[in-house]
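A short write-up of the structure that comes next.
The values are calculated or read from the model by the stated rules, or taken from the named source; none is laboratory data. The shown structure was predicted, so the numbers you read here are calculated from the model rather than taken from an experiment. Neighbour counts run over all protein chains shown; Cβ positions are idealised from the backbone, glycine included.
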Amino acid sequence: MTTSSTCGDGSARDIRAVDIGHGAIGSGRSTRRRPDLRIAQFIAEALGGADNVLNVGAGAGSHESAAHTVTAVEPSGPPRARRPARLTRAIDAVAENLPFADGEFDGAMALFSVHQWRDPGAGLREIRRVTHGPVVVLTRAPDLVRDFWLYAYAPEVLDIEARRHPPVEDLAAALGGTGTIRTVPIPLDCTDGFDEAYYGRPEMLLDPAARQACSAWSFIDDEVRERFDGTLRSDLASGAWDQRFGHLRTQPTYDGSLVILRATH
């Protein structure tokens, strides 16, 4: 696969659905991880107008508005149960063994889920098998995860994130063909509350519910959480955080580790 950078706007339309898994994540996810329409536009553009789209690791259906008609796959029961009534039921299946015919879909997407699969390479090869159009993967580039300011306060959290996410180049190799790897700018008021969504709103991460919505926080102990909370509170009160990172409070977007991989035959 070749890689390059591109840019542009996308569009969103109507929906149908089928799913694949996110597993158990903190209780704050449903309220803090709300789809951001600006990120959805990037996904829609990458899908290129594909009509019949497979969503693998679909969870509760976040960002499915980026596609026209969606078949969702999700192996975990709790996310399937959280799908809104407007979406059809998700299929209980895993990425590595999809119950579909070769080339059945015009396009496919995997959004914030590849790092949770048992075998990402096998899952992506299976998605390529059942898709004759573009495959779009929204993920995080592990080599960029530690560049975020959170690393100064809770390095354990971002070390976990970096280890969990497969290298984007490995994902591209599994899909084969040609494609692009593109950084997705994160808006200052991003509604999808993964950690970098709060790049200019550090106070938000003092809320345990906001942290629980980011699954990496579930892998650390209370000592790390308490140290993070105390240190960040102290630096916000003294102005130390703003001295180092205050420019982020008014920066419209942040180019962090969030990327879209788009692959075609």
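Couple of notes before you dig in:
- Any hit, region 222-238, residues being surrounded by fewer than 21 Cβ atoms within 10 Å (Cβ to Cβ), out of contact with any Phe, Trp or Tyr (no Cβ under 7 Å at 6 or more places or on another chain) and part of a loop (DSSP other than H, G, I, E, B): no
- With respect to (1) surrounded by 19 or more Cβ atoms within 10 Å (Cβ to Cβ); (2) out of contact with any Lys or Arg (no Cβ under 6 Å at 6 or more places or on another chain); (3) not β-branched (Val, Ile, Thr), the lone exception for Trp217 is condition (2).
- Residue check for Gly59: closer than 23 Å to Gln212 by Cβ and modelled with pLDDT of 75 or more: yes
- Residues of region 140-178 satisfying the condition of being in contact with a helix residue (DSSP H, G or I) (Cβ under 8 Å, 6 or more places away or on another chain), over 12 Å from Gly256 (Cβ atoms) and among the hydroxyl-bearing types (Ser, Thr, Tyr): Tyr153
- Qualifying position, being more than 21 Å from the chain's Cα centre (by Cα), among the aliphatic types (A, V, I, L, M) and more than 30 Å from Glu96 (Cβ to Cβ), among Leu248, Leu188: Leu248
- Residues satisfying the stated conditions in region 64-90, i.e. closer than 20 Å to Gly123 by Cα and in contact (Cβ under 8 Å) with a residue 60 or more places away in the chain: Pro79, Arg80, Ala90
- If the condition is being among the polar types (S, T, N, Q) and either more than 17 Å from Ile43 (Cα to Cα) or assigned to a helix (DSSP H, G or I) (or both), then region 189-214 contributes only Gln212.
- Among the candidates Pro35, Pro75, Pro79, the residue that is surrounded by 16 or more Cβ atoms within 10 Å (Cβ to Cβ), at pLDDT 90 or above and not charged (D, E, K, R) is uniquely Pro75.
- Which listed residue, of Gly193, Gly177, is modelled with pLDDT under 95, within 26 Å of Glu64 (Cβ to Cβ), more than 18 Å from the chain's Cα centre (by Cα) and of a type outside the set (Ser, Thr, Tyr): Gly177
- Selection within region 129-157 - over 25 Å from Ala40 (Cβ atoms) and surrounded by fewer than 23 Cβ atoms within 10 Å (Cβ to Cβ): Arg129, Asp143, Arg146, Trp149, Tyr151, Ala152, Tyr153, Pro155, Glu156
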